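The values are calculated or read from the model by the stated rules, or taken from the named source; none is laboratory data. No experiment lies behind these values; they were computed from the predicted model shown. As a convention, Cβ positions derive from the backbone with ideal geometry for all residues, glycine included, and neighbour counts pool all protein chains shown.
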Amino acid sequence: MAEQTLLATDDPDRELVGHARSGSHRAFGEIVERHGDVVFRVAARIVGPHEAEDVAQEAFLRAYHSLDRFRGDSHFRSWLLQIVHNTALNAVNSRVPEPVGSPADADGADPLPPSARQPAESLEERERRERLEMKLRELRSEHRIVLVLRDVEGMAYEEIAEVTDTPLGSVKGRLHRARGELIEILRNNTYDWDLPR
């Protein structure tokens, strides 16, 4: 119990959350500013970059309307990311299957005019990141989220357990399996990744 109290008084968002609970839109705006990037990144890793903005906005709205339910026995960031996680999973579960083919194939438009194209190195790096994002989306959602929260966001195992509402041992097991799955997915595509088989 003493540790929970320590977390509550140790939370860097405690004062802003208190003001936001009292009706300060400015305080909640500061919360959005402070956590907007991580909320977007976590949402994008679950639903993809095209839906991430909508999921992030919905998660912030849910958080705002649920501020009275935030007990303060953990950091606000963990509570907020739990909302993001649940909102993103709801979005994934409610998707209508898309037709075969990628969105780029469907519209056929080049996103950059010829005069604005980036040098070959930047283009190659961007394509590599996009392929990695696609490979990450091949992971099961419960594996992908722990991999993103740990390896991309650098969160502690305990915080990930809280965000995903999963026992600590399961978080570690899922992370181990997610890393193994991702390595296997990348090895099966050595043309892109130059990984040894």
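Per-structure values
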{"item": "Subset of region 149-197 [closer than 20 Å to R41 by Cα, among the aliphatic types (A, V, I, L, M), at pLDDT 85 or above and in a helix (DSSP H, G or I)]", "result": "L149, I160, A161, V163, V171, L175, A178"}
{"item": "Subset of region 140-184 [among the charged types (D, E, K, R) and in contact with a Phe, Trp or Tyr (Cβ under 9 Å, 6 or more places away or on another chain)]", "result": "R150, E162, K172"}
{"item": "Yes/no for V152 being touching a Leu at 6+ places or on another chain (Cβ under 8 Å) and touching a residue at least 24 places away in the same chain (Cβ under 8 Å)", "result": "no"}
{"item": "Scan of region 17-43 for residues that are touching a residue at least 24 places away in the same chain (Cβ under 8 Å) and either at positive phi or buried (at least 20 other Cβ atoms within 10 Å of the Cβ) (or both), ordered by number", "result": "V17, A20, I31, H35, V39, V42, A43"}
{"item": "Some residue of region 28-47 being under 21 Å from V152 (Cα atoms), not aromatic (F, W, Y) and not in a helix (DSSP H, G or I)", "result": "no"}
{"item": "Of residues in region 35-71 being in contact with a Lys or Arg (Cβ under 9 Å, 6 or more places away or on another chain) and of a type in the set (D, E, K, R), the one nearest to R95 (Cα to Cα)", "result": "E51"}
